[in-house]
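S.K.: Before anything else, here's the structure in question.
The values are calculated or read from the model by the stated rules, or taken from the named source; none is laboratory data. Just so we're clear, the structure is a prediction, and the values are computed from it rather than from any experiment. So basically every Cβ, Gly included, is an ideal-geometry build from the backbone, and we count neighbours across all protein chains shown.
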Amino acid sequence: MISLPLSEYRRMIETHPVLLLSSRRKRSNTLAPVTWYMPLGMDPPMLSISLKPSSQSYHYIRESGDFILGVPGEGMIKAVHFCGIHSGRDIDKLLHLNLSAMRAKTVSPLMVMECMGQIECRVRDIYVDGPRPVITAEVMWVGAYERYYEDGWRPLARLVYYAGGARYRVGQQTIDMSAMLPGYVPPNSIG
């Protein structure tokens, strides 16, 4: 994974793909798909995300003050959906999904190495005026695999977009994940 200028974070998310949020408290890491996010500015580079206040990710971020937004590709749709319908309180998602993790460059959560790109963020503020808190954060590091990214996403990247319910879109194809229900899924069955 190569380091990119911090300003590239906007280009990485400008088409609004699903992102995989990684957050950490002490030795516990959890993952969650995120679709409620937006860039805020460039000097300094900042973005915002919104999470359910009941989510484990929200509590981890409040405690640690940082998070990572990974950019998953087509091969991670099952893992993204699994992370969205299962709580980190019940299962270690990284371990269960057999995902590769690595220490981040500037923040405490682990990077999911199967993601094509990474945006490391440090929390600036948390606004709790409404049903879903808004977290503003400064972008601390941006990286991507060269095979998927060079002055923007290459066609090989095959970004994942949320289409509502249990549906996702990759290119012109809609993928329905409704057969995957919350509950126990045997290890290594997510590919």
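S.K.: Does the range 138-152 contain at least one residue that is part of a loop (DSSP other than H, G, I, E, B), within 18 Å of residue 50 (Cα to Cα) and modelled with pLDDT under 95?
M.R.: no
S.K.: Please list, ordered by residue number, the helices (runs of 4 or more DSSP H) wholly in the range 54-122 having 3 or more residues that are within 23 Å of residue 139 (Cβ to Cβ) and of a type outside the set (Ser, Thr, Tyr).
M.R.: 56-64
S.K.: Would you mind telling me which numbered condition in (1) surrounded by fewer than 24 Cβ atoms within 10 Å (Cβ to Cβ); (2) touching a residue at least 12 places away in the same chain (Cβ under 8 Å) residue 109 fails?
M.R.: The single condition residue 109 does not satisfy is (1).
S.K.: Is it the case that the range 63-82 has a residue that's surrounded by fewer than 21 Cβ atoms within 10 Å (Cβ to Cβ), touching an Asp or Glu at 6+ places or on another chain (Cβ under 8 Å) and more than 26 Å from residue 169 (Cα to Cα)?
M.R.: no
S.K.: State all residues of the range 129-174 that are among the β-branched types (Val, Ile, Thr) and in contact with a helix residue (DSSP H, G or I) (Cβ under 7 Å, 6 or more places away or on another chain); if no residue qualifies, say none.
M.R.: Once the filter is applied, which keeps residues that are among the β-branched types (Val, Ile, Thr) and in contact with a helix residue (DSSP H, G or I) (Cβ under 7 Å, 6 or more places away or on another chain), the range 129-174 yields 135, 139, 142, 160, 170.
S.K.: Considering only residues that are among the hydrophobic types (A, V, I, L, M, F, W, C), touching a strand residue (DSSP E or B) at 6+ places or on another chain (Cβ under 7 Å) and within 14 Å of residue 56 (Cβ to Cβ), which ones fall in the range 72-88?
M.R.: Residue satisfying the conditions is 83 alone.
S.K.: Only one residue in 64, 55, 3, 22 is farther than 29 Å from residue 146 by Cα, of a type in the set (S, T, N, Q) and at pLDDT 95 or above. Which one?
M.R.: 64
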